[in-house]
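See below for the structure under consideration.
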Amino acid sequence: MENSFDIRLESLTQPPAPASAESTFAAAQPAADGPTFYLETFGCQMNEHDSEKVAGVLLSRGYQQVERPEAASLILYNTCSIREKAAQKVFSRLGVYRDMLGKDQKIGVLGCVAQQEGEEIFKRAPWVSLVCGSASYRNLPQLLAQVEAGGQRVTGLDNETDETFETQITRRDNPWRGYITIIEGCDKACTYCVVPYTRGPERSRDSARILAELRQLADFGYTEVQFLGQTVNSYRDPSPRKMRFSELLVAAAQIPGIRRVRFTTSHPSDFGRDIVEAMDANPVICNHIHLPVQSGSVRVLRAMRRTYSRGEYLEKIALIRAARRPIAVTTDIIVGFPSETETEFAETLSLLDEIRYSGMFAFKYSPRPNTPALSMPDAIPEEEKSHRLAILLERQRTIQLEDLHKLQNEIVEVHVDGKSKKPDQWYGHSSCNRVVNCTSASADLLGQYINVCVTGCTPNSLVGDHVLG
Ligand code: SAM
Ligand code: SF4
């Protein structure tokens with residue numbers, strides 16, 4: 001939650017967005033005395049981007065976005081329920097809102113907790129007026145109209161749909177990287193995961209719409225795009241064009257003005273050679289693949305219903321390693337899945353050694369409602385999960401430091417997206433999505449692509465000097 005505040009404050013204090021993106025926003029500005037909204041977001045990148053689209057819906061209804069909840073006629077809270085802690089925070093946060101809520105203010109809960117808890121939210125927090133899951137965002141205009149008309153318990157909880165959330169306006173927070181959701185929901189059935197229940201079935205967007213949105217982003221001055229989806233590479237074009245995911249990447253890379261194309265998250269089972277070939281042929285497609293493995297143990301992978309074995313996952317890695325340029329691979333790992341033995345955990349450690357990921361998100365298994373793993377026997381004690389997590393993080397830290405040290409004196413291209421408080425210090429991302437901190441005496445580098453000579457590293461970032469010319 002604090003994180004989401006940081007992001008918002010950062011985006012509000014960022015330098016002006018590219019001219020045309022700003023003009024989209026300006027075009028949607030309502031009269032100063034119109035309704036106002038405050039939108040707080042918690043969770044993954046998809047939630048952040050959903051919020052950008054929700055904000056677009058509100059702007060097109062004449063609302064104005066404000067920086068403080070106290071100043072808003074409508075407070076919206078976009079929630080995450082991927083792990084228990086995230087979901088628990090929602091009700092304590094709603095308590096904070098209750099204490100500050102003025103007579104004419106309304107509050108709505110969006111996202112995964114909205115879908116998961118449904119009308120129960122009205123019971124536990126009767127001051128909430130709207131509960132809407134992400135699969136119902138397409139109905140937001142009608143739902144908002146009901147709230148505006150004084151509706152007290154308005155719900156959007158329809159989860160069985162083949163429609164996607166299309167907006168005319170997207171209120172983009174990031175002026176450097178534009179996000180585009182290409183596939184919503186998930187049809188996999190990992191036994192630990194709430195996403196299929198909270199985000200509904202898999203629905204891909206029409207390739208023509210995606211590319212039109214990207215062309216518009218390029219017209220606005222964006223040079224970098226990230227395609228989003230829980231299983232982004234399971235994309236299936238519903239239009240007669242029937243573009244494959246790899247073809248969509250290539251088409252995106254060919255749009256004039258676009259210098260970087262990213263995508264996340266890829267599911268190993270749907271990852272094929274054609275994606276690597278598309279990357280090989282188009283340097284605009286970034287050198288980075290996020291390919292969550294979750295566990296190094298064949299038995300645990302089966303219990304998780306991940307649909308691939310350790311060997312099959314390693315075959316995908318071999319495809320990536322055979323690419324003509326080095327491609328960074330990052331992953332997600334869950335430790336302490338029910339009945340995971342020490343030996344099985346050791347298999348995850350050995351996988352880390354074998355693959356040497358460039359980055360890793362690691363989580364302690366968290367039991368979630370409606371999931372098959374909830375009723376699996378032999379839960380691992382919290383203390384043991386914490387112990388395994390610490391070992392895993394330490395192993396990955398060592399690997400990252402060793403590998404980053406090897407980049408000393410290399411030149412990397414950095415898309416600069418921030419200025420540090422320290423003089424002459426900037427930061428940005430390399431094509432392989434590494435954070436790079438660099439020194440440069442240039443007056444303004446924001447949004448620019450610069451070459452940086454690597455002089456050092458921390459476990460999670462590179463440090464270097466701007467190379468002029
Ligand atoms: N669709 C992606 C995939 O299949 O890899 C992952 C999306 S999920 C939002 C992000 C990550 O959260 C997962 O990769 C997994 O590591 C973690 N996660 C999901 N459910 C979890 C649970 N019940 N406990 C702990 N971590 C979980
Ligand atoms: Fe969850 Fe598995 Fe779908 Fe990823 S693929 S969102 S982990 S069910």
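Inspection of the stretch 43-65 finds a residue satisfying the criterion of being touching a Lys or Arg at 6+ places or on another chain (Cβ under 9 Å) and not in a helix (DSSP H, G or I).
At least 1 residues being under 30 Å from Arg302 (Cα atoms) and either over 23 Å from the mean Cα position of the chain (by Cα) or within 15 Å of ligand 2 (Cβ to nearest atom) (or both) is the threshold, and among the strands (runs of 3 or more DSSP E) wholly inside the stretch 93-210 those reaching it are 106-111, 177-181.
Okay, residues lined up against (1) surrounded by 16 or more Cβ atoms within 10 Å (Cβ to Cβ); (2) modelled with pLDDT of 95 or more; (3) assigned to a loop (DSSP other than H, G, I, E, B); (4) of a type outside the set (Ser, Thr, Tyr):
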| residue | (1), (2), (3), (4) |
| --- | --- |
| Glu354 | no, yes, no, yes |
| Ala362 | yes, yes, no, yes |
| Arg368 | yes, yes, yes, yes |
| Leu374 | no, yes, no, yes |
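Table: residues versus (1) of a type outside the set (Ser, Thr, Tyr); (2) closer than 24 Å to Cys80 by Cβ; (3) in contact with a His (Cβ under 8 Å, 6 or more places away or on another chain); (4) not in a helix (DSSP H, G or I).
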site	(1), (2), (3), (4)
Asn233	yes, yes, yes, no
Ser239	no, no, no, yes
Met243	yes, no, no, yes
Glu247	yes, no, no, no
Ala252	yes, no, no, no
Pro256	yes, no, no, yes
Phe263	yes, yes, no, yes
Ser266	no, yes, yes, yes
Ser269	no, no, no, no
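Quick grid of which residues meet (1) under 18 Å from Trp176 (Cα atoms); (2) touching a helix residue (DSSP H, G or I) at 6+ places or on another chain (Cβ under 9 Å):
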{"site": "Arg209", "(1), (2)": "no, no"}
{"site": "Leu214", "(1), (2)": "yes, yes"}
{"site": "Gly229", "(1), (2)": "no, yes"}
{"site": "Val232", "(1), (2)": "no, yes"}
{"site": "Val250", "(1), (2)": "no, yes"}
{"site": "Ser266", "(1), (2)": "no, yes"}
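Checked against the criterion of being of a type in the set (Val, Ile, Thr), buried (at least 16 other Cβ atoms within 10 Å of the Cβ) and assigned to a helix (DSSP H, G or I), the candidates Ile317, Ile334 yield just one match: Ile317. For the stretch 445-468, a residue qualifies if it is touching a residue at least 40 places away in the same chain (Cβ under 8 Å) and not in a strand (DSSP E or B), and the qualifying residues are Leu446, Gly447, Pro459, Asn460.
Glu224 meets all of the listed conditions (1) of a type in the set (Asp, Glu); (2) within 16 Å of ligand 2 (Cβ to nearest atom); (3) under 17 Å from the mean Cα position of the chain (by Cα) but one, namely (2).
State the number of residues belonging to the stretch 293-310 that are more than 14 Å from ligand 2 (Cβ to nearest atom) and of a type in the set (S, T, N, Q). Qualifying residue count for the region: 2. Among the residues of the stretch 71-92, those that are over 22 Å from Gly150 (Cα atoms) and in a loop (DSSP other than H, G, I, E, B) comprise Cys80, Ser81, Ile82, Arg83. A single entry from Gly156, Gly133, Gly151, Gly200 fulfils the requirement of being within 16 Å of ligand 1 (Cβ to nearest atom) and closer than 23 Å to Tyr38 by Cβ: Gly133.
The values are calculated or read from the model by the stated rules, or taken from the named source; none is laboratory data. This is a predicted model, so every value here is computed, not measured. Here the Cβ is made from the backbone with ideal geometry for all residues, glycine too, and neighbour counts use every protein chain on show.
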